[in-house]
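Written out below as structure tokens is the structure these notes cover.
The values are calculated or read from the model by the stated rules, or taken from the named source; none is laboratory data. Quantities reported herein were computed from a predicted structural model and do not represent experimental measurements. Here Cβ is always computed from backbone atoms with ideal geometry, including for glycine, and neighbour counts include all displayed protein chains. Only protein heavy atoms, including side chains, enter the accessible area calculation; ligands, DNA and RNA are left aside. Shrake-Rupley method; radii C 1.70, N 1.55, O 1.52, S 1.80 Å.
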Amino acid sequence: VTFSNFSARKLFSPKNFQFPPSGDGQQLSLTMTAYNSFISFNGSFTEPWLGGKKPNALSLGGFYSKLSRGNIFENNPNDGSLKRVGGFISLARRLRWPDNFFVHTASLNFTKYDLTNYASDFIVADGKFYNLSLTNTLSRNSTDAPIYPRRGSNFQLSFEITPPYSSFSNKVYRDLEPAEKFKFPEYFKTKFKAEWYTTIVGDLVLKTSAKMGWMGFYNDDIGYAPFERFELGGDGF
């Protein structure tokens, strides 16, 4: 459920109350997904007029998900499960140079992973792990419509980093067990996306796109973290 013209101010005003309160251009989004082995909840709120100047946009969001090897509704601990809970806060600001299509976004993200007998996808099978990262994104979107673009382009370049925890520790990481070594994952990651839309005739549109990603690490004794990797095809995580 998405409210694209939400008003948090009117939600707490007893005068002329209506639901959903609208008129301030804010966006409130609530999502639930569930099937036999997976369930997730996501929520986000965006204030596009931060400080009264558009489009300085402040966004807040949170999520929870659980993936089970068996039927999630039977809650059998022997099935193994992966739980994720976390949130983010981001600030987006439109740039005036090189042109008005450019936007810079800075985001602070936190995710807690809780693994129970979940051995097949990760180096670790049990434990709690905490991922804190900062992402900077530079984007340029000149498409003519958000839902069905017919012309224009969309480019995004992002760089995500975690603190280099091992640089501030005296631990000998090559001797640690994986559950301790990756308790606070550390990495840096770059992603690039490019999309072009070309009208062929009428509503027939050719979309040409490309995506690239690269991931690295700070410490050779730790290597790549088991989380936040790239996976061909993607799985929602």
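Can you give me the accessible area per residue for the chain, using a 1.4 Å probe, in Å²? Please report the intermediate quantities before stating the final value.
Numbers: 14940 Å² over 237 residues.
Value returned for the chain: 63 Å² of accessible area per residue.
As a test of reading the structure, rank Val172, Val124, Val201, Val103 by solvent-accessible area (1.4 Å probe, protein chains only), most first. Before the final figure, lay out each step's value.
Details: Val172 70, Val124 5, Val201 100, Val103 30 Å².
The ordering from most to least exposed comes out as Val201, Val172, Val103, Val124.
Would you mind telling me which residue in Asp221, Asp203, Asp114 has the biggest mean-square fluctuation in a Gaussian network model of the chain, where springs connect alpha carbons within a distance under 10 angstrom?
Between Asp221, Asp203, Asp114, it is Asp203 that shows the largest mean-square fluctuation.
Cross-link list Lys171/Lys193; Lys128/Lys191; Lys15/Lys112: which exceed 32 angstrom alpha carbon to alpha carbon? Could the numbers behind the result be given before it?
Values: Lys171/Lys193 38 Å; Lys128/Lys191 27 Å; Lys15/Lys112 41 Å.
In this structure, Lys171/Lys193; Lys15/Lys112 lie more than 32 Å apart at Cα.
For every helix of n ≥ 4 consecutive DSSP H residues, a contribution of -39,500 (n - 2.57) applies; sum these over the chain, divide by its total residues, and give [θ] at 222 nm rounded to the nearest 500 deg cm²/dmol.
Details: 2 runs with 8 residues, N = 237.
Roughly -500 deg cm²/dmol at 222 nm, from the helical runs in the chain.
Pop a pseudo-label 7 angstrom from the Cα along the beta-carbon direction at both Thr208 and Tyr224 and give the gap in nm to one decimal.
Those two pseudo-labels are separated by 3.0 nm.
Please report, as a whole percent, how much of the solvent-accessible surface of the chain comes from carbon and sulfur atoms (probe radius 1.4 Å).
Numbers: 8510 of 14940 Å².
Carbon-and-sulfur percentage of accessible area, whole number: 57.
How fast does the range 11-63 diffuse by Stokes-Einstein, in µm²/s, taking the Kirkwood radius from C-alpha pairs at 20 °C and 1.002 mPa s? Don't skip to the end; give the middle numbers.
Values: Rh = 13.3 Å.
Using the Kirkwood radius from Cα pairs, D works out to 161 µm²/s.
In whole percent, what relative contact order does the range 1-105 give with Cα contacts below 8 Å and a gap of six or more residues? Write out the running numbers ahead of the final one.
Working: 214 pairs, mean separation 19.1, N = 105.
Relative contact order, the range 1-105: 18 percent.
Calculate the translational D of the range 117-219 in whole µm² s⁻¹ from Stokes-Einstein, where the hydrodynamic radius comes from the Kirkwood formula applied to all Cα pairs, the temperature is 25 °C and the viscosity 0.890 mPa s. Each step should come with its number before you reach the end.
Values: Rh = 17.1 Å.
Value of D from the Cα-based Kirkwood radius: 144 µm²/s.
Hey, could you get me the Stokes-Einstein D for the chain, Kirkwood radius over alpha-carbon pairs, 10 °C and 1.306 mPa s, rounded to whole µm² s⁻¹?
Working: Rh = 20.9 Å.
This corresponds to a translational diffusion coefficient of 76 µm²/s.
Gaussian network model of the chain, Cα springs within a sub-10 Å range: biggest mean-square fluctuation belongs to which of Ile161, Ile39, Ile147?
The residue with the greatest mean-square fluctuation here is Ile147.
Charges on Cβ only, +1 for Lys and Arg, -1 for Asp and Glu, centred on the Cα centroid of the chain; of Thr33, Ala119, Ser13, which one is farthest towards the dipole's positive end?
Comparing the listed Cα positions along the dipole, Ser13 ranks first.
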